[in-house]
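Trainee: Got a structure here, written out as structure tokens. Questions coming.
The values are calculated or read from the model by the stated rules, or taken from the named source; none is laboratory data. In this text the structure is predicted, and so the values were computed from the model without any measurement. Positions of Cβ are generated from backbone atoms using ideal geometry, with glycine treated the same way; all protein chains shown enter the neighbour counts. When the accessible area is computed, the model is the full protein with side chains, heavy atoms only, and any ligands, DNA or RNA have been set aside. Shrake-Rupley method; radii C 1.70, N 1.55, O 1.52, S 1.80 Å.
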Amino acid sequence: MNKHAVILFACGFEEVEALTVYDGLVRAGIKVTKLAVGGKLSVVSSHDVEIACDELVENYHGISDLVFIPGGMPGSTNIAQCWEANELIIKHAQDRLVAAICAAPSVVLGPLGLVRSGKATCFPGCEEYSPSVEFLSDGVVEDGNIITAKSVAYAWPLAFTLVERLLGKEAEEKLEKTVYWKK
């Protein structure tokens, strides 16, 4: 069962959100392509962590099983302002998984019309970017093929949810055991 995901990286992204979900997907055996938004393969996070991406979003013409949008500011705004990133997200939202965390559900998905009132969550205070959407305070919210998470604290729960949706409950449980060490 070969699954493929893409993660959008734009300058100002939240590195813990992006890299936690990346790590969870890779540990589960999902191929992940890091797509750079902004014209350069090297992208710098909101806390000055530099990431080398695999490809520019404008050069990517594939279809993956998942598009993931990490939060962070101004990373979410940079993604929202990129035509190619929006086109990729809209294309995948038709019949593939799209996930976003923190600011990204309200800053990116809301203006694209991909989140519905009472069916999404975002970082508290970011609701103003999508004033017509009523966001929940839940940690992770699934609405069909659109999955949103509230904040950096929900990066692992989001990763578990995505692995379960892509590979099944057994794969999610296996990933969870590798991450949560218990005495």
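Trainee: Counting only the heavy atoms of the protein chains, how much of residue 96 is accessible to a 1.4 Å probe, in Å² to the nearest 10?
Mentor: Approximately 80 Å² of residue 96 is accessible to the 1.4 Å probe.
Trainee: Please report the spacing between the Cα centers of the stretch 12-84 and the stretch 117-183 in Å, no decimals.
Mentor: Cα centroid of the stretch 12-84 versus Cα centroid of the stretch 117-183: 17 Å apart.
Trainee: For the chain, set up a Gaussian network in which alpha carbons nearer than 10 Å are linked by springs, and say which option among 124, 70, 157 fluctuates the most.
Mentor: Most flexible of the set in this elastic network: 124.
Trainee: Over 19 Å between Cα atoms, which of 119/150; 91/169; 3/91; 31/174 qualify? All intermediate terms of the calculation are to be shown ahead of the outcome.
Mentor: Numbers: 119/150 12 Å; 91/169 27 Å; 3/91 17 Å; 31/174 17 Å.
Check vs 19 Å cut-off fails for 91/169.
Trainee: Another one. Let me know the shape class of the stretch 59-141, please: from the alpha-carbon gyration tensor, a ≥ b ≥ c as square roots of the eigenvalues, rounded when a/c is under 1.5, otherwise prolate if a/b is greater than b/c, or oblate.
Mentor: Since a/c reaches 1.5 and a/b is larger than b/c, the shape of the stretch 59-141 is classed as prolate.
Trainee: At a Cα cut-off below 19 Å, give the aspartates and glutamates reachable from residue 40, other chains included and same-chain residues fewer than 8 away excluded.
Mentor: In chain and number order, the partners are 14, 15, 48, 50, 54, 55, 58, 84, 87.
Trainee: 5 Å is the cut-off here: which amide hydrogens, built 1.01 Å from N in the peptide plane, fall below it relative to residue 53, excluding neighbours closer than 5 in sequence?
Mentor: 42, 43
Trainee: Could you provide, to the nearest whole Å², the per residue accessible area of the stretch 1-43 with probe 1.4 Å? Please list the in-between numbers first.
Mentor: On the way: 1680 Å² over 43 residues.
Heavy-atom SASA per residue in the stretch 1-43 reads 39 Å².
Trainee: Mind running the shape call on the stretch 137-183? Use the C-alpha gyration tensor, a ≥ b ≥ c as the square roots of the eigenvalues: rounded below 1.5 for a/c, prolate if a/b tops b/c, oblate otherwise. Could you put the intermediate results ahead of the total?
Mentor: Numbers: a/c = 3.14, a/b = 1.31, b/c = 2.39.
Oblate, because a/c is 1.5 or more while a/b does not exceed b/c.
Trainee: Also, I was wondering about something else. Which of the listed residues, 44, 22, 63, is farthest toward the dipole's positive end in the stretch 16-63, when Lys, Arg count +1 and Asp, Glu count -1 at the beta-carbon?
Mentor: Going by the Cα projections, it comes out as 63.
Trainee: Shape call for the stretch 2-47 from the C-alpha gyration tensor, a ≥ b ≥ c root eigenvalues: rounded (a/c under 1.5), prolate (a/b greater than b/c) or oblate? Don't jump to the answer; show the numbers that get you there.
Mentor: Numbers: a/c = 3.53, a/b = 1.59, b/c = 2.23.
It is oblate, given that a/c is not under 1.5 and a/b is not larger than b/c.
Trainee: Right, next: Please give the solvent-accessible surface of residue 3 in Å², to the nearest 10, using a probe radius of 1.4 Å with every protein chain present.
Mentor: We get 50 Å² for residue 3.
Trainee: Sticking with this one: Hey, can you rank 77-89, 166-178, 11-23 by average C-beta count inside 10 Å, highest first?
Mentor: Details: 77-89: 19.5, 166-178: 15.0, 11-23: 23.1.
My ranking of the peptides, most packed first, is 11-23, 77-89, 166-178.
Trainee: Calculated FRET efficiency, residue 116 and residue 96, Cβ-Cβ r, R0 22 Å, to nearest 0.05?
Mentor: On the way: r = 18 Å, r/R0 = 0.81.
My answer for the efficiency is 0.80.
Trainee: Counting only protein heavy atoms, what percent of the accessible surface of the chain is carbon or sulfur at a 1.4 Å probe? Kindly include the intermediate steps, with their values, before the conclusion.
Mentor: Numbers: 4340 of 8620 Å².
Carbon and sulfur together cover 50 percent of it.
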